[in-house]
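S.K.: Submitted below is the structure of interest, expressed as structure tokens.
Laboratory data are not the source of any read-out in this text; all were calculated from the coordinates shown. Note that the coordinates shown come from a computational prediction; the quantities given were computed from them, not determined experimentally. FYI the Cβ positions are ideal-geometry reconstructions off the backbone, even for glycines, and counts take in every protein chain you see.
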């Protein structure tokens, strides 16, 4: 385990360098109004003239600990921990999986407190339906982007299903996305159920039709798009995204979002 608070920057840089990444760690300026019940830390993937790097910005009292490093897989598990403001209470911590996926570095929040290894972190990101589909598979196949049970592209899992759909309800070249993330474009998409919402740059998870109608007319102009939130979604054909290799799904696959920390507050939009 590698820990840093006030230690030299190269202490935390060492495990990142071992997996082929760069990291820059800065501190927020002290601000007593920003304190809350979770560690105040921001993790992002940035780019400069040398390429991509991890940018970590944190409150000065937050410790960063590399709990596990998988050099071959180019992933590490990072914990941000801050002493509790309440006497005799344990520190407050958050965990993140940082690594390389196909073409780029990424950061994913981990919600399960017991996670202590990269493999456990990956497993915690799988929704229950994916874990059920993978039962009986060899352990060596579980973290591949494609196995006998499903295919993965970024934060999305695709599980093959044997269904018949109404051809009149198939949408062509439709996006699926989470929050403000770049959309994954699907050649063919069919959806059932869900909630109709209005989405724009300031409301990436959407607002209801009633909320939209209550907005002043001046705020209901260009930039809004009517989408469906949290429907059952089936896709087939080419699935494209600028950060990932193109998938070609033969037959219908049901779409499931990963279980990244905070995803319960993020809408599944298409």
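S.K.: With runs of 4+ DSSP H residues as the only contributors, calculate the mean residue ellipticity of the chain at 222 nm using -39,500 (n - 2.57) per run, divided by the residue total and rounded to the nearest 500.
M.R.: Values: 4 runs with 29 residues, N = 270.
After summing the helix terms and dividing by residue count, I get -2500 deg cm²/dmol.
S.K.: Please give the length that would be gained between residue 215 and residue 103 if that part of the chain were fully extended, namely 0.36 nm times their separation in residues minus their C-alpha to C-alpha distance (nm, one decimal).
M.R.: Values: separation 112, 0.36 × 112 = 40.32 nm, distance 4.08 nm.
Contour length minus Cα-Cα distance gives 36.2 nm.
S.K.: If r is the Cβ-Cβ distance from residue 141 to residue 61 and R0 is 25 Å, what FRET efficiency results, to the nearest 0.05?
M.R.: On the way: r = 42 Å, r/R0 = 1.69.
Computed FRET efficiency for residue 141 and residue 61: 0.05.
S.K.: Quick one: angle between helix 9-18 and the longest Cα principal axis of the chain, in degrees between 0 and 90, rounded to 10, please.
M.R.: In the chain, helix 9-18 runs at an angle near 50 degrees to the longest axis.
S.K.: Computed from the coordinates I sent, Kirkwood radius over Cα pairs in Å equals one of (i) 18.8; (ii) 20.7; (iii) 22.4. Tell me the label.
M.R.: Matching entry in (i) 18.8; (ii) 20.7; (iii) 22.4: (ii).
S.K.: Where a ≥ b ≥ c are the square roots of the eigenvalues of the C-alpha gyration tensor, would you call the range 123-270 rounded, which needs a/c under 1.5, or, failing that, prolate if a/b is larger than b/c, or oblate?
M.R.: prolate
S.K.: Further, regarding this structure: Using packing as a proxy for protection, rank 53-66, 199-212, 131-144, 104-117 so that the peptide with the highest average count of other Cβ atoms within 10 Å comes first. Write out the running numbers ahead of the final one.
M.R.: On the way: 53-66: 18.5, 199-212: 14.4, 131-144: 12.3, 104-117: 16.0.
Per-residue Cβ counts within 10 Å, averaged per peptide and sorted highest first, yield 53-66, 104-117, 199-212, 131-144.
S.K.: Now for a different question. Any chance you could check the Cα centroid distance between the range 157-188 and the range 201-260 for me, in angstrom?
M.R.: 10 Å
S.K.: Just grab the label-to-label distance for residue 27 and residue 203, each label 7 Å out from Cα along the Cβ direction, in nm (one decimal).
M.R.: With each label placed 7 Å out from Cα toward Cβ, I get 4.1 nm.
S.K.: Label points 7 Å out from Cα along the Cβ direction at residue 128 and residue 182: separation in nm?
M.R.: Result for the modelled spin labels: 3.3 nm.
S.K.: Using only the Cα atoms of the range 132-202, build the gyration tensor, take square roots of its eigenvalues as a ≥ b ≥ c, and label the shape rounded, prolate or oblate: rounded if a/c is under 1.5, else prolate if a/b is larger than b/c, else oblate. Can you show the working numbers first?
M.R.: Numbers: a/c = 2.51, a/b = 1.49, b/c = 1.69.
Judged from the Cα gyration tensor, the range 132-202 comes out oblate (a/c at least 1.5, b/c at or above a/b).
S.K.: Using a Gaussian network model of the chain with C-alpha springs under 10 Å, which one of 180, 220, 168 is most mobile by mean-square fluctuation?
M.R.: Among 180, 220, 168, the largest GNM mean-square fluctuation belongs to 168.
S.K.: Please identify, among 195, 49, 245, the residue showing maximal mean-square fluctuation in a Gaussian network model of the chain using a 10 angstrom Cα cutoff.
M.R.: So, out of 195, 49, 245, the one fluctuating most is 49.
S.K.: Most mobile of 101, 48, 123 per a Gaussian network model of the chain (Cα springs, under 10 Å)?
M.R.: In the Gaussian network model the winner is 48.
S.K.: Another question, then. Can you give the FRET efficiency for residue 50 and residue 245, using 1/(1 + (r/R0)^6), R0 = 22 Å, r = Cβ-Cβ distance, to the nearest 0.05? Before the final figure, lay out the partial values.
M.R.: Numbers: r = 24 Å, r/R0 = 1.10.
E(calc), rounded to 0.05, equals 0.35.
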